[in-house]
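Inspection log for the structure reproduced underneath, given as structure tokens.
What follows draws every value from the coordinates through simple rules; no lab data is involved. Note that the structure is predicted; figures quoted are calculated from it, not measured. All Cβ positions, even for glycine, are placed from backbone atoms using ideal geometry, and neighbour counts span all protein chains on display.
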Amino acid sequence: MRVFRLSRKKYAKGLSGKGAAKFGNRWNSKGVETFYTAESRALAMAEVLLHLSLGALPDDYMMIEIEIPDSIKIEILNSNSLGENWNSNPLDPQTQALGDAFIHLKKKCALKVPSAVVKGDFNYLLNPNHHEIDQIKIVSITEFPFDNRVFKLK
């Protein structure tokens, strides 16, 4: 299976999860290493666009294509187990607790979670400390210039 990540050029080469650990995100607490990916290039872009503005639009984004071999079993988060406000902003600590537990238990290397940005789409969290992480490979890293029309105000 192929998954995608949109990242600044200086962070595009590895699957460390250290960036997510610096601040914490929807599915991990600060200090917990995880690597966020999306099921499509479009979702990867949507997830990043939330944090950008036209005035601060960097020109060094890279699209990372990642191969998760079929031999890697993926845990699927049951959406029914999420609270009503799981996708709220600010973050619901329950989602961080779920992601943290997945990382710490190390039962599987990948976790499929619903996107809070695009209803019906999914992200995949990778556990950089799982013994199978070496089987997951970056297939390509290509420049990804944002189309300025994305930010055009009407």
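With unit charges on the beta carbons (Lys and Arg positive, Asp and Glu negative) and the dipole taken about the Cα centre of the chain, which residue among HIS51, ASN89, ILE64 sits farthest to the positive side?
Positive-end residue among those listed: HIS51.
Please turn the phi angles of segment 70-83 into ³J(HN,Hα) values with the Karplus equation 6.51 cos²θ - 1.76 cosθ + 1.60 (θ = phi - 60°), one per residue in order, whole Hz, x for glycine and proline.
Result, ordered by residue: 4, 5, 7, 7, 10, 6, 10, 6, 6, 4, 5, 7, 8, x Hz.
Nearest-5 percent of antiparallel DSSP beta bridges in the chain?
Working: 24 of 27 bridges.
Here the antiparallel bridges make up roughly 90 percent for the chain.
Greater than 18 Å separation of Cα atoms is the criterion. Which listed pairs, LYS73/LYS108; LYS108/LYS137; LYS22/LYS112; LYS10/LYS73; LYS18/LYS112; LYS73/LYS106, meet it?
Working: LYS73/LYS108 6 Å; LYS108/LYS137 16 Å; LYS22/LYS112 22 Å; LYS10/LYS73 30 Å; LYS18/LYS112 20 Å; LYS73/LYS106 12 Å.
Flagged as over cut-off: LYS22/LYS112; LYS10/LYS73; LYS18/LYS112.
State the Kirkwood hydrodynamic radius of segment 2-151 in Å, one decimal place, computed from all pairs of distinct Cα atoms.
On the way: mean 1/r = 0.0635 Å⁻¹.
Taking the inverse mean of 1/r over all distinct Cα pairs, segment 2-151 comes out at 15.7 Å.
Using alpha-carbon positions, what is the distance between the centroids of segment 66-82 and segment 1-35, in Å?
Their Cα centres are 17 Å away from one another.
Explain nothing, just compute: Karplus ³J(HN,Hα) = 6.51 cos²θ - 1.76 cosθ + 1.60, θ = phi - 60°, for every residue of segment 39-49 in order, whole Hz, x for Gly and Pro.
6, 8, 4, 4, 5, 4, 5, 4, 5, 7, 4
Do the sum for the chain: with -39,500 (n - 2.57) for every DSSP H run of n ≥ 4, divided by all residues, what is the mean residue ellipticity at 222 nm, to the nearest 500 deg cm²/dmol? Don't skip to the end; give the middle numbers.
Values: 3 runs with 28 residues, N = 154.
When only DSSP H runs of four or more count, the value is -5000 deg cm²/dmol.
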